[in-house]
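Here is the structure we will look at.
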Amino acid sequence: MGGDSNCFAPPVYYVTLEVEMLQGNTEDDGYGILFELCNDERYALFRVREKMGKFSVVQTEDGGDNATVFIRQAPAPSIRKEAANKLAILAIYDQHWFYINDAFVGHHQIDRLPSARLDVGIVAGCQQQVICGFRDFKVYTRNI
């Protein structure tokens, strides 16, 4: 998983996309939105584990060896299994609200990084093949 987007995150934004897992074999396989992304080793992730019906929000500064967990594998009844799911984040400065299929699933204060970017991510174990289809990636901004 890595992010190479040139989509910079302004201080206030709403990002939304639809994603569908086309291939994945374990309950840990997943997908999500990368935010507060600086490089492959420093990012935050709004992650959906579709088969488990759970989501997490984590942030790492060293590639994942020492992640800060903001929301740990919380149930999200709004997750549709084996179907497309709409993910969204509303960020107003350091406050972040998370949505799955337009249902609010969580909130957390997460420090913002200068020049951070937004991207998509796929999560899989070593030697596993996970394929996801992403569409309608949109970022809405507003000056406050």
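In order along segment 72-81, the phi-based Karplus estimate (6.51 cos²θ - 1.76 cosθ + 1.60, θ = phi - 60°) of 3J(HN,Hα) comes to 9, 6, 7, x, 9, x, 6, 5, 9, 7 Hz; Gly and Pro are listed as x. Solvent-accessible area of segment 42-144 (1.4 angstrom probe, protein heavy atoms only): carbon and sulfur portion equals 47 percent. Within segment 7-144, the proportion of C-alpha pairs whose separation exceeds 20 Å stands at 41%. Computed with a 1.4 Å probe over protein heavy atoms only, the accessible surface of segment 74-114 comes to 52 Å² per residue.
3J(HN,Hα) couplings calculated from phi for segment 45-60 with the Karplus curve 6.51 cos²θ - 1.76 cosθ + 1.60 (θ = phi - 60°) are, in sequence order, 9, 9, 10, 10, 9, 4, 5, 8, x, 10, 9, 9, 10, 9, 9, 10 Hz; Gly and Pro show x. With K and R counted +1 and D and E -1, the other residues having a Cβ less than 11 Å from that of A124 yield a net charge of -2. Using a Förster radius of 22 Å, what is the FRET efficiency between R80 and D111 based on their Cβ-Cβ separation? Nearest 0.05, please. Efficiency, from the Cβ-Cβ distance: 0.10.
From largest to smallest, the equivalent ellipsoid semi-axes obtained for segment 79-144 from the alpha-carbon gyration tensor read 25, 16, 13 Å. Take A67, project a point 7 Å from its Cα along the Cβ direction, then tell me which residues of segment 25-44 have their backbone nitrogen under 13 Å from it. Only 28-35, 41-44 pass the distance filter.
Between segment 105-137 and segment 41-69, the C-alpha centres lie 8 angstrom from each other. Residue-wise HN-Hα couplings along segment 105-112, as the Karplus relation 6.51 cos²θ - 1.76 cosθ + 1.60 with θ = phi - 60° gives them from phi, are 10, x, 9, 7, 8, 9, 4, 8 Hz; Gly and Pro carry x. Rounded, prolate or oblate: which fits segment 1-85 when a ≥ b ≥ c are the square roots of the eigenvalues of the alpha-carbon gyration tensor, with rounded for a/c under 1.5 and prolate only if a/b beats b/c? Judged from the Cα gyration tensor, segment 1-85 comes out prolate (a/c at least 1.5, a/b above b/c). Across the chain, the longest run free of exposed loop sites, meaning GluC sites (Glu not before Pro) lying outside DSSP classes H, G, I, E and B with no more than 12 other Cβ atoms within 10 Å, spans 83-144.
Taking Cβ atoms as reference points and 15 Å as the exclusive limit, the residues near G53 contribute a net charge of +2, counting Lys and Arg as +1 and Asp and Glu as -1.
The values are calculated or read from the model by the stated rules, or taken from the named source; none is laboratory data. All values reported here derive from a predicted model rather than from experimental measurement. A quick note on method: Cβ atoms are made from the backbone with ideal geometry, for glycine too, and the neighbour counts reach across all protein chains shown. These area figures cover heavy atoms from the full protein model, side chains too; ligands, DNA and RNA do not enter into them. Shrake-Rupley method; radii C 1.70, N 1.55, O 1.52, S 1.80 Å.
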